[in-house]
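Heads up: the structure comes next, in structure tokens.
The values are calculated or read from the model by the stated rules, or taken from the named source; none is laboratory data. In this text, all values refer to a predicted model and were calculated from it rather than measured experimentally. All Cβ positions, glycine included, derive from the backbone under ideal geometry; neighbour counts span all protein chains shown. Accessible surface is based on the protein model in full, side chains and every heavy atom, while ligands, DNA and RNA are left aside. Shrake-Rupley method; radii C 1.70, N 1.55, O 1.52, S 1.80 Å.
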Amino acid sequence: MAAQVSTHVTLLNRMRVEGDSAAWREFTYRYGALVRAVARRNGLQAADADDVLQNVLIGLSKALPHFCYDPLRARFRTFLQCIVQRVIYQRFRQKKAGGAIQLINDLQGDDPADTIWEAEWRQYHLRRAMEAIDVEFTTRDRTAFTMYIGSKKPAAETAETLGISVDQVYQAKSRIMKRLEELIAMQIKEEG
């Protein structure tokens with residue numbers, strides 16, 4: 001799926017329509033990795049994280065016909081967070097026979113659920129923005145950016161490895177960082 005055109009509101013509305021499997025695929029494409037990552041950060045195994053995603057989709061399919069998203073009541077990210085955390089909690093409840101207090105402590109561990117959600121939400125935005133970067137920038141620029149920023153290689157070493165000037169490394173970093181900031185700001189504005 002190359003480009004997503006639906007905002008979260010229009011995507012939710014499309015998901016309400018019976019038989020719009022493309023909307024469900026788009027939702028899974030957009031938010032599946034986020035849901036799985038939050039589940040994993042809460043201590044669930046990969047198979048359990050897949051089950052959490054499946055249960056989120058099942059819960060949405062049951063709730064959406066009677067649900068009207070109101071951005072004045074809560075942001076989309078809060079709406080999705082509540083659903084995901086509820087499903088994760090239910091997953092823990094299924095796996096443990098302990099009391100509710102112990103389940104909440106197990107679910108949160110050292111990181112409160114909100115902290116985990118926020119960290120994964122930021123990663124979600126970065127992943128989406130990086131998909132656009134992969135299309136908009138040359139392989140050389142992306143490689144220079146990844147080596148210099150991601151791998152923390154010195155600019156001179158990055159330039160030498162790629163056969164470009166140090167100035168070109170700095171330019172690639174600057175252009176990509178600026179574009180990432182723009183893309184993430186657009187995503188945040190879109191989510192309401």
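Considering only protein heavy atoms and a 1.4 Å probe, what is the carbon-and-sulfur percentage of the accessible area of the chain? Each step should come with its number before you reach the end.
Working: 5910 of 11050 Å².
Roughly 54 percent of what the probe reaches on the chain is carbon or sulfur.
As a test of reading the structure, rank Asp51, Asp167 by solvent-accessible area (1.4 Å probe, protein chains only), most first. The partial results should precede the final answer.
Details: Asp51 60, Asp167 90 Å².
Ranked list, largest accessible area first: Asp167, Asp51.
Leaving ligands, DNA and RNA out of it, work out the accessible area of Glu157 with a 1.4 Å probe and give it in Å² to the nearest 10.
80 Å²
From the C-alpha gyration tensor of segment 31-94, pull out the three semi-axes of the equivalent ellipsoid (sqrt of 5λ each), sorted largest to smallest, in whole Å. Intermediate results must be reported in sequence, preceding the final value.
Working: eigenvalues 92, 31, 19 Å².
Working from the Cα gyration tensor, I get semi-axes of 21, 12, 10 Å.
Restricting to DSSP H runs of at least four residues, report the calculated mean residue ellipticity at 222 nm for the chain, -39500 (n - 2.57) per run over all residues, nearest 500 deg cm²/dmol. It would help to have the intermediate numbers written out before the result.
Numbers: 9 runs with 142 residues, N = 192.
Theoretical 222 nm ellipticity from helices: -24500 deg cm²/dmol.
Excluding same-chain pairs closer than 8 in sequence, count the lysine pairs in the chain whose Cα atoms lie under 29 Å apart.
9
Of [x] 60; [y] 57; [z] 49, which one was derived for percent of Cα pairs over 22 Å apart from the structure shown?
Computing percent of Cα pairs over 22 Å apart and matching it to [x] 60; [y] 57; [z] 49 gives [y].
Given an 8 Å cut-off on Cα distances and at least 6 residues of separation, report the relative contact order of the chain as a percent. Before the final figure, lay out each step's value.
Working: 131 pairs, mean separation 40.6, N = 192.
Relative contact order, the chain: 21 percent.
Hey, if you put +1 on the Cβ of every Lys and Arg and -1 on every Asp and Glu Cβ in the chain, which of Ala129, Leu11, Leu64 ends up farthest toward the positive end of that dipole?
Sorting the options by dipole projection puts first Leu64.
Put +1 on the Cβ of every Lys and Arg and -1 on every Asp and Glu Cβ in the chain; which of Thr158, Thr138, Val87 then has its Cα farthest towards the positive end of the dipole?
Val87
Rank Thr146, Thr78 by accessible area, highest first, at a 1.4 Å probe radius? It would help to have the intermediate numbers written out before the result.
Numbers: Thr146 75, Thr78 50 Å².
Of Thr146, Thr78, the descending order of accessible area is Thr146, Thr78.
Across segment 57-66, in residue order, what do the Karplus-derived ³J(HN,Hα) couplings come to in whole Hz, using 6.51 cos²θ - 1.76 cosθ + 1.60 with θ = phi - 60° and x for Gly and Pro?
Working through the residues one at a time gives 5, 5, x, 5, 4, 7, 7, 4, x, 10 Hz.
Determine the gain in length on full extension of the stretch Ala132-Thr10; use 0.36 nm per residue of separation and subtract their C-alpha separation, reporting nm with one decimal.
Details: separation 122, 0.36 × 122 = 43.92 nm, distance 2.08 nm.
This chain segment gains 41.8 nm when fully extended.
Please list Lys189, Lys153, Lys62, Lys95 from largest to smallest accessible area, probe radius 1.4 Å, with all protein chains kept in place. Can you show the working numbers first?
On the way: Lys189 170, Lys153 75, Lys62 145, Lys95 120 Å².
If we order Lys189, Lys153, Lys62, Lys95 from most to least accessible, we get Lys189, Lys62, Lys95, Lys153.
Using a probe radius of 1.4 Å on heavy atoms only, what accessible surface per residue do you get for the chain? Whole Å² is fine. Please list the in-between numbers first.
On the way: 11050 Å² over 192 residues.
With the other protein chains kept in place, the chain gives 58 Å² per residue.
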